Amino acid sequence: MRQFLLSLAVVMSPAGFNPPAFAQAPAPLPASLTAIPVSGADLCGEMLMPAAQLKQVARGLSRWHAGLDLTAPYGSPVRVAAAGEVTFVGFYFGYGRMVDVRHADGLVTRYAHLAAFAPNLRPGVALGTGDILGNVGTSGHAHGAHLHFEVRADGRPLDPKPFLALAACTAAPANPFQTEEARAPDPAPRKGGAQKKHR
């Protein structure tokens, strides 16, 4: 659509017309989005490709997109990129069916738009590298089957490419900005002060 609008603007415009800002190439990302924190250095270049049947690496990290879209066949397996503990399993707004996994160094990897979760996957479950989390899908705000993959440190998104050995690792700046991180909702208290136990 962007390319169409740019072409239309050029054809219908007088000489010397500059296309609107939305039709121009996006500005480069700030270093805070592309740098690797010291705590994540051990996993840089060491993570497993989570889309087992990867077809294409599509849209990447930008000011408007917090991760990397990995195109793969609908229903194909999604693997955990590195060993860790599940911290969230559920439906989360535009992410659709989503899993968050916290790793030993404090990094969190996020897997979104899943079609289904692996059996017995729940918060607190320990996973090894390559364990199956679920299947590639289109849940949430997804156009076509793909896995949305994120790497986060202290709640801020990092470029996943260096962790998957698709780009070079660089050092992090001192003051990263914060962004939203999913968590399971607190259970509502029942009448009489007792809370229902979840199994």
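Here is a yes/no grid of residues against (1) modelled with pLDDT of 95 or more; (2) among the β-branched types (V, I, T); (3) in contact with a Pro (Cβ under 9 Å, 6 or more places away or on another chain); (4) surrounded by fewer than 22 Cβ atoms within 10 Å (Cβ to Cβ):
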residue	(1), (2), (3), (4)
Y111	yes, no, yes, no
A115	yes, no, no, yes
G130	yes, no, no, yes
L133	yes, no, yes, no
V136	yes, yes, yes, no
H143	no, no, no, yes
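Check whether at least one residue in the stretch 109-116 is outside any strand (DSSP E or B) and either touching a residue at least 40 places away in the same chain (Cβ under 8 Å) or not acidic (D, E) (or both), and report yes or no. No, the conditions are met nowhere in the stretch 109-116. Please determine whether any residue of the stretch 52-74 is of a type outside the set (A, V, I, L, M), within 28 Å of G134 (Cβ to Cβ), part of a loop (DSSP other than H, G, I, E, B) and at pLDDT 95 or above. Within the stretch 52-74, one or more residues are of a type outside the set (A, V, I, L, M), within 28 Å of G134 (Cβ to Cβ), part of a loop (DSSP other than H, G, I, E, B) and at pLDDT 95 or above.
The values are calculated or read from the model by the stated rules, or taken from the named source; none is laboratory data. Note that the structure is a prediction, hence the values are computed from the model and not measured. Cβ coordinates were reconstructed from backbone atoms using ideal geometry, including for glycine residues, and neighbour counts include every protein chain displayed.
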